[in-house]
Amino acid sequence: MSVAFHHKLLHASVIRERVHVPRGRVYCLAATTTKPRPDLAELAVEPRLPTAPGPLISPDRPVLNDPSLKSTWGHRAWLACGCTTVLVALAKSMVASSESHVWAEPVLAGAVGYVLADLGSGVYHWGIDNYGDASTPVFGAQIEAFQGHHKWPWTITRRQAANNLHALARAVAFVVGPIDLICNDPTMLGFVALCSGCIMFSQQFHSWAHSTKSKLPPPVVALQDLGLLVSRSQHAAHHRAPYNNNYCIVSGVWNEFLDYWKVFEALEMVLFFKFGLRPRSWSEPSSEWTEDAEEDLYQVEA
Ligand SMILES: [Zn+2]
Ligand SMILES: [Zn+2]
């Protein structure tokens, strides 16, 4: 048990009515998971949080008006920069297409960009769900935000704006800005505009997947129902055991393929045997992964 975890439990004991002292337990592996277990000696015994008989409120549970969940002017400025570079790429592509009277290739390239953005969002989501922590360079804040997202899914609607959306917008601004300056090919610009735009707003699409139907604008619900944006029901599976599937959050079109062929599980095995990196999804569900439900804010409607 880590010192931080121990401290957290001691702190919780002061404010909770009932606290169970955690202790290591031995579990039957065949009964607790369907995941491949490459190293049984390492994985056989795991500390497990106590099971509370009644609902417990985490002492570090975020509140909805937490300032850390809100956007700053800096975040908005980066979002504006990212949007500007995407719109410039799109406008240049359309102008060049109309001048050359070639529309099919740029439109097709845009469609390919949209499809690949879904794959990119899945790789990004899988990476920060499973590896690194808050101290990881560059992605530390995003990793922390996504970990909180699993325990408190409703925070995605706030924290995505304060962390992942602006981080992706900044990356898009740095990558797409130079392309806007040097590229005049309508096909390439069409691909870049759609791919970067969908990756940048993948966190917004993710947020919508956590909203109730009644709280979403009708066009968004229609796009979700058409499968053009990741659906609420499909993404809900990501937040249920075994917590290792449905990572793609633009359209979700790649999820079935990636999960059927266990692509991410294969990558996890490679990273484990090559570098000793153990993904978080191999652990038994703990307080970090188990959803602390907020019924009125996180509901999935069929
Ligand atoms: Zn996740
Ligand atoms: Zn989610």
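Each reported figure results from applying straightforward, stated rules to the coordinates on display, with no laboratory input. Worth saying up front: this structure is predicted, and the values here are computed from it rather than measured. Positions of Cβ are backbone-derived with ideal geometry, glycine not excepted, and every protein chain shown enters the neighbour counts.
For the reader, a short list of remarks on this structure follows.
- Fewest-first sequence of Met188, Met94 by Cβ atoms within 10 Å of each Cβ: Met94, Met188
- Amide H partners (placed H, <5 Å) of Thr212, local residues excluded: Gln299
- If the segment from Val138 to Trp261 were pulled out straight at 0.36 nm per residue, it would be longer than the present Cα-Cα gap by 41.3 nm.
- Neighbour net charge for Ile179 - beta-carbon separation under 14 angstrom, K R +1, D E -1: -1
- Listed from fewest to most Cβ neighbours within 10 Å, the set Thr84, Thr212 follows the order Thr212, Thr84.
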